[in-house]
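Accompanying notes for the structure given below.
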Amino acid sequence: MGDILLALSIPVLVFAVGIYAGCETWWRRRHPAPPSPYTHQAARLSEREMVASAEEIVVGAHARLEGFYGTPGGAIPAAGATGGLGAPGLTPAAGASPDRGRSQPASARRG
């Protein structure tokens, strides 16, 4: 009797899998998946959010450390200004390249 039940369970299992596949196909056609979060629009929105949070961090850090910058009132100075975000009194060198491309090679020093 055990062999007969085992032999009959195989067609029942195949039939049940077929019914399940048909029902799943019907369900997925009626209820499509939501749009993927990995779209260009989602990337742009997350980029805007990151920039906004970075700006908040910089402004907050500048407000807390404004005594080190030497600018009263919480105004953030330009990067090239004297006493600005860089070392005081330093300006870009005359030989620096104006863009982000490669610079001219430095002259050789003997010494």
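Each reported figure results from applying straightforward, stated rules to the coordinates on display, with no laboratory input. This one's a predicted model, so the numbers in the text were calculated from it and none came from an experiment.
Expected output is a single nm value to one decimal: the length gained when fully extending between Val51 and Arg29, i.e. 0.36 nm times separation in residues minus the C-alpha distance. What is it?
Roughly 4.0 nm would be gained on extension.
Fully extending the segment from Phe68 to Ile4 would add 14.3 nm, taking 0.36 nm per residue of separation and subtracting the current Cα-Cα distance.
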